[in-house]
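To start, the structure under review is shown below, and the notes come after it.
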Amino acid sequence: MEGEQARAAEVEKVLAPVRSYSILMYVGSMVVSLAPRMVEDAMSPAAAATAARVVSDVPLTCLVFAAATALMQGKLARVLEKVEEASAGADRPLRLTPFGAWPLAVITWAFVTCFCVNYLTFGHVGAPSCLGWTVVAVASAANLAIAARTVNVTLLEEDFAGRGGGGAEEFGRMAAWLR
């Protein structure tokens, strides 16, 4: 009975960050999707024109996209971190499986892409420029690559560290190859 309670506590320790991250992604997606449209309706035409000029500034737009990507990928990496201590009966601590980690990476990629598209179209009466869409496409591709790398490195670390013998050296070579 005590072992089951320890196991349940360990499972909760792994799933609690996933639950809070999923809620953050859900609420954040709603805010990112709905807030710009609600704000645009309340803006005066002069304020909308100013917002469109700010969004059209390519270096600033790239900086905002890079900051959003770094922030969300850092949060994803913290969610995927393994719990350091194992329960009394377990030989290794629990962690998310690939079936749990990959959907989180895809949700993170979709969230940042949605943010980038809404940022780009904010304040525009017509369609944004081709350069703006190119910046969003590159930011989305880079974000997807970073999300995949975050999950791969996290899962590979566990896979290679769990093997006996030279797991750490093998992981180091694989991580260097991924960089």
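Pull up segment 52-79, narrow it to residues that are open to solvent by less than 40 Å² (accessible area, probe 1.4 Å) and modelled with pLDDT under 80, then point me to the one that is farthest from L15 (Cα to Cα).
A52
Could you check, for segment 80-101, whether at least one of its residues is at pLDDT 85 or above and of a type outside the set (G, A, S)?
No, the conditions are met nowhere in segment 80-101.
Could you list all residues from segment 102-126 that are among the aliphatic types (A, V, I, L, M), assigned to a helix (DSSP H, G or I) and at pLDDT below 80?
Scanning segment 102-126 gives a single hit, L120.
Identify, please: which residue in segment 127-170 is outside any helix (DSSP H, G or I), open to solvent by less than 50 Å² (accessible area, probe 1.4 Å) and farther than 17 Å from V32 by Cβ and is, among those, modelled with the lowest pLDDT?
The selected residue is G166.
The values are calculated or read from the model by the stated rules, or taken from the named source; none is laboratory data. A quick note: this is a predicted structure, and the numbers were derived from the prediction, not measured. Glycine gets a Cβ as well: all are built from the backbone with ideal geometry, and neighbour counts include every protein chain shown. Heads up: the accessible areas ignore ligands, DNA and RNA and are worked out on the full protein's heavy atoms, side chains in. Shrake-Rupley method; radii C 1.70, N 1.55, O 1.52, S 1.80 Å.
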